[in-house]
Amino acid sequence: MGLIGRAIEAPGVPTVAVAVRRGLIARVRPPRALVTGYPNGQTVGPPGDDAAQRAVLCRALALLTATEPGTIVDLGGSDHETAPRGQQR
């Protein structure tokens, strides 16, 4: 995730990874990440929950233009829960 994201971003194409757990994605260090907190296998939300899945997708797409590289955002969190790479929340 992180290595591929950084390679894609090198020529200027922004990326965002969507993950279920902060600890793992923080170690991978993608350019941008959204942590959903859903169970494994349901990264974007429960099956059949179109509203939840759409919310995850919209938030992830918003990160492409609204965030500096290295940022990890918790879904549903406020701005103070966003920490650039190398910083703790």
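Observations on the model:
- Selected residue [under 10 Å from the mean Cα position of the chain (by Cα) and outside any loop (DSSP other than H, G, I, E, B)] from A52, A7, A60: A60
- Residue check, A7 in contact with a Gly (Cβ under 7 Å, 6 or more places away or on another chain) and hydrophobic (A, V, I, L, M, F, W, C): no
- When the residues of region 21-41 are filtered to those that are on the phi < 0 side of the Ramachandran plot and in a loop (DSSP other than H, G, I, E, B), the one that is surrounded by the fewest Cβ atoms within 10 Å (Cβ to Cβ) is N40.
- Candidates V18, V44, filtered to the one that is assigned to a loop (DSSP other than H, G, I, E, B) and either of a type in the set (F, W, Y) or surrounded by 18 or more Cβ atoms within 10 Å (Cβ to Cβ) (or both): V44
- Considering residues of region 43-89 that are farther than 15 Å from R22 by Cα and of a type in the set (S, T, N, Q) only, the residue modelled with the highest pLDDT: Q53
The values are calculated or read from the model by the stated rules, or taken from the named source; none is laboratory data. From a predicted model like this one, the values you see are computed outputs, not experimental measurements. Neighbour counts run over all protein chains shown; Cβ positions are idealised from the backbone, glycine included.
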